[in-house]
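Chemist: Let me begin by handing over the structure; questions about it come next.
The values are calculated or read from the model by the stated rules, or taken from the named source; none is laboratory data. Nothing here was measured: the structure is a model prediction, and the numbers come from that model. Cβ placement follows ideal geometry from the backbone for every residue including glycine, while neighbour counts extend to all protein chains displayed.
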Amino acid sequence: MNTTTQGYRYKVDTYDANGDLIADGNFGSSIFLSINPGDEELFLSWREFVPWDNRIYYIYRADSINGAYALIDSVANTGRNRHTYLDTGLENFEEYCYVVVSEGEYALGAEPDSVRNASQKVCATPTDMTPPCINTIVFDSSKNCGTPSVSISST
């Protein structure tokens, strides 16, 4: 399945050797990661719908899609299914790739199950798209000059 453009739900059922259903699983989803570029930064956001409680999300970064991914940070669960992370201090026009891995358990407070779930690999490039500050142009028509002039001042 192509997980680069959308997330998917999945369910695991357990059957015995005769093909009889032993346990009916709950639906879960993979983590779906999106990235929005900014000036020397990348804004990561992800969502998932799972039947367990995630404690923490680990953010891994590489310099290419198949490169070595290194842990750069972690984000605690906020109790919602949408989470964000801002990676700053990056080089504009350099590609960075990410994977987010969640860790949790089926019952908070119980012995940790270490249920893990990973996002798809996503790459993005920081780009300065912020327009420059626009200055004020002042036309002084009070002077009766033979040569018109324009002054630009910063406010």
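Chemist: Among the strands (runs of 3 or more DSSP E) lying completely within region 1-107, list those that include at least 3 residues that are without any contact (Cβ under 8 Å) to a residue 24 or more places away in the chain, over 17 Å from the mean Cα position of the chain (by Cα) and surrounded by 14 or more Cβ atoms within 10 Å (Cβ to Cβ).
Modeler: none
Chemist: Now, a different point. Would you check if Ile35 is over 16 Å from Val115 (Cβ atoms), in contact with a Cys (Cβ under 9 Å, 6 or more places away or on another chain), modelled with pLDDT of 95 or more and of a type in the set (Val, Ile, Thr)?
Modeler: Spelling it out, Ile35 is indeed over 16 Å from Val115 (Cβ atoms), in contact with a Cys (Cβ under 9 Å, 6 or more places away or on another chain), modelled with pLDDT of 95 or more and of a type in the set (Val, Ile, Thr).
Chemist: Okay, moving on. Is there a residue being of a type outside the set (Asp, Glu), surrounded by 13 or more Cβ atoms within 10 Å (Cβ to Cβ) and either in contact with an Asp or Glu (Cβ under 6 Å, 6 or more places away or on another chain) or assigned to a strand (DSSP E or B) (or both) anywhere in region 127-136?
Modeler: No, every residue in region 127-136 fails to be of a type outside the set (Asp, Glu), surrounded by 13 or more Cβ atoms within 10 Å (Cβ to Cβ) and either in contact with an Asp or Glu (Cβ under 6 Å, 6 or more places away or on another chain) or assigned to a strand (DSSP E or B) (or both).
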